[in-house]
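Here, each number is a calculation from the coordinates, and none is a lab measurement. All values reported here derive from a predicted model rather than from experimental measurement. Every residue, glycine as well, gets a Cβ built from its backbone with ideal geometry; the counts of neighbours run over all protein chains shown.
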Protein chains: 2
Amino acid sequence: MDEFGLIQVYFAGAPAAQQGCGLDHRQALGIGDDAAVLAPIPQGQQLVVTTDSLVENRHYLADVDPTALGHKALAVSLSDLAAMGAKPWAFTLNLHLRGIRKPWLEAFSKGLNALALEHGMSLVGGDTVSVQAEEAVVVTAMGLVPLGQALLRDGLQPGDELWVSGSLGDGVYALKHKPRAKKLLWPQPRLALGQALREQQLAHAAIDISDGLASELGHLLERSQARARGTGLTAHVHLQSLSQCLGPELQAAVNRNELDLQQACLLAARSGDEYELLFAAPLAARPAIEALALQLDLRLTPIGRVDLTNACPTGQPASNDMAQSRWYGLDGHPLSLSQDALAGFNHFQPPAGQET
Amino acid sequence: MDEFGLIQVYFAGAPAAQQGCGLDHRQALGIGDDAAVLAPIPQGQQLVVTTDSLVENRHYLADVDPTALGHKALAVSLSDLAAMGAKPWAFTLNLHLRGIRKPWLEAFSKGLNALALEHGMSLVGGDTVSVQAEEAVVVTAMGLVPLGQALLRDGLQPGDELWVSGSLGDGVYALKHKPRAKKLLWPQPRLALGQALREQQLAHAAIDISDGLASELGHLLERSQARARGTGLTAHVHLQSLSQCLGPELQAAVNRNELDLQQACLLAARSGDEYELLFAAPLAARPAIEALALQLDLRLTPIGRVDLTNACPTGQPASNDMAQSRWYGLDGHPLSLSQDALAGFNHFQPPAGQET
């Protein structure tokens, strides 16, 4: 396997965001040396880094369209950058392949390069190794944010509204019924949304929905609770509101009476691999967020709010585990759900018990 | 697999180089959000990035000491940073594991964290996924260099001397005869050397010896030739000089008459996974390089020099492929070697023909 040749042929055509910036190659050098030398980061900006591994038969099927896989491999990391309000900058790529299949590589690089170009990212390095069994793709992505302005998970405040971008649930539904559904294959990371929320200082906290809405909400609460200390936070989520942002496949299934609306909403709350953002914003930001939805032509749905735990409707005293979510059914009454009922569901990831 | 818990338990103890720099968490945040937020890069510095995949049964044996593997996983990337003259800064870690084995993780993280601490690096992110077959470890490392001062591969100039750090060949010899030889398991990346060469502006070009000296020399020539255009570069390498930096295991085997010195030198020239640097420096830099060797307590051996191709001793005219290496035997006469005789030899990598 001639790794160097492989990278040159398939990936060197990826856009070099760092080129054309008036630097000589000693100041900005991509693939082909022991390491990449990146153009200097503009003053007042800082680096945001995320890495994701996609493993065959776990995160994608062996017969996936390689162009779609190339897209997805980068989209997963871009969705993390979106949740930070970061601007994509550069990335590295590790390919663990059973062998060199030229048509596969051509298709894979096409999907990857197109998404990189769309977001002005440079491929600055990589490694290609040969494996015997499962293939894997690893992307490590770097983005930039103005110093101290990254959107974090831990800023949730009492009184915040909870918002979800786009629609949820088509992933999990499609896997079962239409495994080649488009959204699953061509996820669009919400970079414009994340950057706008940060620039306009609309959101207190944000997270990307990769493990399912309910799980991610748990992460927001835990992280924010850890910072708040002593004050309990409760998130109240209304299925009635969530029903406004069901994916079209899932909505169609409800319309055909294949499942009832409440089931569909709970499915949407568990569905992972969604590439949407969950964010928290003060009530006062609602008009600006609605304007942003129009501007971006992207559905943004308020699905609930955050309160102090001691102000929660059940009157229950704050426990040690003071960060909690309460879910309300379509009739407005609190649901009593087991933890499992809202546990994250990852499309290609078998439940732990099924692993071999 | 609870990835978040796993990272917290085993790796969050890794040193946070970015902590204690007077920044609040919004300006420097490690593991636990959608992405890491890195402390601002000091002005006048730029980022250097490299990534390496280690795959079980290919780059390490399944029964490797996990502490040694943790060390090696980071050392591979640090060796690349060393070759750029970069100062280590931060890294991400992807673990592709068949399952969570606590003693293994404890040992692995011990080796990794110790090397990270030694070089003041922060683990700033990662991903842990479950695989069915071969395990793999991916490290993406970031370092810093002053703007425009990275040591590149393409600066080779006629008249340069070629130098090798440390000793060569024990890797390939040990694999066959003593598969647990220390150097193979605990490689020491030559960071102090790389940084000193850069700071003192001693070297025109440098590369890390991961595919074998002969291969890496080929890379230096190719890259430099591409920049030089029109002028042919020839590297002249003397086995007599190379015999001064054989690894102790290899030298001992020669002393025991298990192989002759010329064979040993050719083995050293092919041996990969060496974590040593090959660098080119003008003749005038020799006294400073010899002083550096003393200062770092590290053997630095001149093994040959670079000439214009049309000045090469055979009087052969410059061809299209004007970058070439000429090797001279212990008797000083040119060797006629097939390309294969000096092809890189990677310890755990079976030759292409043997792959299944």
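So how do A:Glu56, B:Glu118 line up by other beta-carbon neighbours within 10 Å, fewest first?
B:Glu118, A:Glu56
Which distances, in nm and shortest first, link the B:Ala291 label point to the same label point in every other copy, taking 7 Å along Cα→Cβ?
List, nearest first: 6.5 nm.
What does the structure give for A:127-135 when I average, per residue, the other chain Cβ atoms found within 10 Å of the residue Cβ?
Numbers: counts 10, 1, 9, 6, 10, 8, 4, 6, 0.
Other-chain Cβ atoms within 10 Å of each residue's Cβ, averaged: 6.
Relative contact order of segment B:70-146: what whole-number percent is it, with Cα pairs under 8 angstrom and at least 6 residues apart?
Once divided by the residue count of segment B:70-146, the mean separation gives 54 percent.
Distance cut-off 29 Å, Cα to Cα: go down the list A:Lys72/A:Lys102; A:Lys72/B:Lys87; A:Lys87/B:Lys102 and report the pairs above it.
Beyond 29 Å between Cα atoms: A:Lys72/B:Lys87; A:Lys87/B:Lys102.
Give me a single rounded figure for B:138-149: the average over its residues of other chain Cβ atoms within 10 Å of their Cβ.
Counting Cβ atoms of other protein chains within 10 Å of each residue's Cβ and averaging gives 5.
Rounded to whole Å, how close does chain A get to the rotation axis onto B by Cβ? Give me the residue too, please?
Looking at chain A's Cβ atoms against the axis toward B, the nearest is A:Ala133, 2.
Spin-label point model (7 Å from Cα, Cβ direction): what's the B:Arg256 to A:Arg101 distance in nm?
Modelled inter-label distance: 4.7 nm.
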